[in-house]
1. Roughly how far apart, in whole Å, are the Cα centres of the stretch A:438-477 and the stretch A:538-596?
2. Calculate, axis by axis, the spread of Cα positions in the stretch A:188-291 along the three principal axes, and write the results as whole Å, longest axis first.
3. Taking 7 Å along the Cα-to-C-beta vector as the label spot, tell me the residue A:193-residue A:249 distance in nanometres, rounded to one decimal.
4. Please report the relative contact order for chain A, taking Cα pairs under 8 Å with a sequence separation of at least 6, and give it as a percent rounded to a whole number.
5. Is the shape of chain A best called rounded, prolate or oblate, per the rule: a/c under 1.5 gives rounded, else a/b larger than b/c gives prolate, else oblate, with a ≥ b ≥ c the square roots of the Cα gyration tensor eigenvalues?
6. If contacts are Cα pairs under 8 angstrom and at least 6 residues apart, what is the relative contact order of the stretch A:424-523 in percent?
7. Rounded to the nearest Å, what's the spacing between the alpha carbon centres of the stretch A:244-277 and the stretch A:609-653? Just the number, please.
8. So, by mean Cβ neighbours within 10 angstrom, what's the order for A:95-106, A:364-375 with the highest one leading?
DNA sequence: GCCTGATTTCTACCA
DNA sequence: ACTGGTAGAAATCAGGCG
């Protein structure tokens, strides 16, 4: 019989050296099924030394066959590696768990240069070779089975064919369960060995909400009720915020301490950490929404409440946010405890709402890249691109290179022009769309078309990169060219198709999510090519791409000047010119003809302001909106007071065109600040820990704040954002920092904020109008007051 | 030992 | 843990100075 299913998750089991693929699916009838495939034999390659005769190496391998009882066959063949044919032996291995061991042993045989594809997990191998895609529909021939594996599922089948992809856009009706929890410790970070989970708040996609709160006894009941609820609701997807890093580990350790099995999967295992550090729950997709926060760079401090606020799920002003440090205060106070519980419930609602926003994108990205839904979020951009490439390499008969360490050698990037400082009226921004991917396509830049300096030019000819002189064969089309062209055309197709659809409909939303996913992968391809960790890394590939980019922008500037356009600024793939319809049209025509790349007007600014700095400007759009780029306003490491004042100054300069008003505004703002009329939270400075605190070479303020937190019992890891304020006192700045929730408003050194935050941010703009820093300080009696304040 | 200017370290941005 | 180019703050170094 035939079954049609949507692939949710995949894992494998090995029994007596015999592997089984387990595919967890959802049918069109909304049944949960498990399809078991026992037919797939995995393999890896031995790449042979070109100096040796392949037959002789094969003989040597076969002589030792007995040492590899699980290898069913050694098959000599030719394959391509970086576009060049190589002799290889394909070793078919019955037991996937022995691949690593066997390949290591076989590598020692004379004439075996290296082993490839021995680091690809059995379940991924199965998906790639059979073109099976997570989060997509497939059809498979199956038989019912009498076996009763210990699984929670409607139906178990054994596959008698390989699942085949079927075209169908919409997702099945997924059961989603979201949760958040609160752990109690009197002081510092809760430790699962001793501190209980006091609140566990759960919600489902059916609209149900449940709350498990600790009673008089231990939290055993809380966790047990949670497990029971998960099993009875039987979700396909479990969502949370920070669950990969925090919650699951805590629940696991806490369960262990309480003697409970955290049995929330569809078999009989517990959540376990897997590739990329994501937590895997067999038969379900465990999705941590924090992993998708990076898709929104506007969110600077990636807390659940900030993400919910930014995505319009739950506005911050409608909430009472409770800091971790205050949990015990709220928990121990009978009157305040309900507020804490409500906080947890709201967090879970935020989680449900955020998932609504990111769901389509996440599932489409999973489908495009081919990584299961629970892994895709956790996988870094480089790995997403790489999995996409690996699937394509398989299709093209290219061997997948191994991952290896390489020395880091920097190379030159894009060109940035000196801006013309000051205010300009009517400025047009022209840019090359997807410049790097298009250069790679146009010049056939690819790991497999790149010629080494010793190689002669092939008959079909070469493209030679300017400055760096790397050569790329013109024929045949390279791996990157093929992959990138198909990405770009498929995105165009998707966008074309969605044009005829109702933007509020489900199909439109899915197609829009898909085109976004395609865009993300396309735009990351150049970065991938220059990443030393990439399997397909070849420095000249990245270096040539930027070299051609520089020559293109150089030519573009020449054409612009020649056309008589007034050039204001430019960065990598764009130029800013004074608007002149006729000249721009002429310019575009010449550019496209000469450079074979499309340059398009991106936007027009009614007015735009540049300082002397590159990569920093503020433009006024015809809509009245400010487009602020690179300046303090858009940076996450300045206090809100600095950002606010700069934004107001920019508004008064660009809209009202009144530096005088702006100066006045700064005066008033400083007065308010000195009277502590500004919110305390606007004084917090946030900075990321980019390495363990002990490894810093200098005493930086945020590191010193982090050390204080550690002393208080909070453990911090790389990537954590430290929020601190500057308090009054003497000595270096780093001696006057306090984590914001350990300080009080009266302790704050307001003059630091005046001098080192507000004034510099305002002056950055106002110095263009010859306003001196001293003129930004309010005069009047307050000067005396501040003198008193300071001493 | 203190001041000053130069250099290093650090983060977060832009394309 | 995708790239290089860039700004800017703060720490730190190096050298002058009775």
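Readers should treat all values here as calculations from the given coordinates under stated rules, not as data from a laboratory. All figures in this text were calculated on a predicted structure; none of them were measured in a lab. No Cβ is skipped: glycine too gets one built from the backbone with ideal geometry, and neighbour counts run over all protein chains shown.
1. That distance is 23 Å.
2. 34, 30, 26
3. With each label placed 7 Å out from Cα toward Cβ, I get 1.5 nm.
4. 10
5. Judged from the Cα gyration tensor, chain A comes out oblate (a/c at least 1.5, b/c at or above a/b).
6. Here the relative contact order equals 25 percent.
7. That distance is 46 Å.
8. Output ranking for A:95-106, A:364-375: A:364-375, A:95-106.
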